[in-house]
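Trainee: Once you've had a glance at the structure underneath, I'll fire off some questions.
The values are calculated or read from the model by the stated rules, or taken from the named source; none is laboratory data. Keep in mind the model is a prediction, meaning the values are calculated, not measured. Here the Cβ is made from the backbone with ideal geometry for all residues, glycine too, and neighbour counts use every protein chain on show. The protein model used for the area step is the full one, side chains on, heavy atoms only, and it has no ligands, DNA or RNA in it. Shrake-Rupley method; radii C 1.70, N 1.55, O 1.52, S 1.80 Å.
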Amino acid sequence: MKSTVIIGFLGTVLDSGLGAARWDKWRPTVALAQHEDLEPARLEIFYPRFATTLKDRVAEDFAQLSPSTEIRPTLLEQKNPWDFA
């Protein structure tokens, strides 16, 4: 059986949130761990340097919801994150 691997970019706006209130809003990366029928083996997440603290918080929240998922953050600096060329 093949493992499920999620590859994504940290959303510096939508994935953000502080304190307990962060659980009350939709955060796309964390929401992936909230699906009962999805058990990813690994989360590969790209993040910019300025969002290191956010990356850590999102990784901790994801791990809390899906403790068996391996989380591999990768620093990726881009001048324009919307330029996919």
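To keep it simple, each residue is scored yes or no on (1) touching a Phe, Trp or Tyr at 6+ places or on another chain (Cβ under 8 Å); (2) of a type in the set (Phe, Trp, Tyr).
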site: Gly8; (1), (2): yes, no
site: Leu14; (1), (2): yes, no
site: Ala21; (1), (2): no, no
site: Trp26; (1), (2): no, yes
site: Gln34; (1), (2): no, no
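Trainee: Could you please find all residues in segment 14-25 being open to solvent by 60 Å² or more (accessible area, probe 1.4 Å) and in contact with a Lys or Arg (Cβ under 7 Å, 6 or more places away or on another chain)?
Mentor: Hit for segment 14-25 is Leu14, nothing else.
Trainee: Please work out which one of (1) surrounded by 14 or more Cβ atoms within 10 Å (Cβ to Cβ); (2) in contact with a strand residue (DSSP E or B) (Cβ under 7 Å, 6 or more places away or on another chain); (3) free of Cβ contacts under 8 Å to residues at least 40 places away in the same chain is the condition Gly11 fails and give its number.
Mentor: Checking Gly11 against (1) surrounded by 14 or more Cβ atoms within 10 Å (Cβ to Cβ); (2) in contact with a strand residue (DSSP E or B) (Cβ under 7 Å, 6 or more places away or on another chain); (3) free of Cβ contacts under 8 Å to residues at least 40 places away in the same chain, the one that fails is (2).
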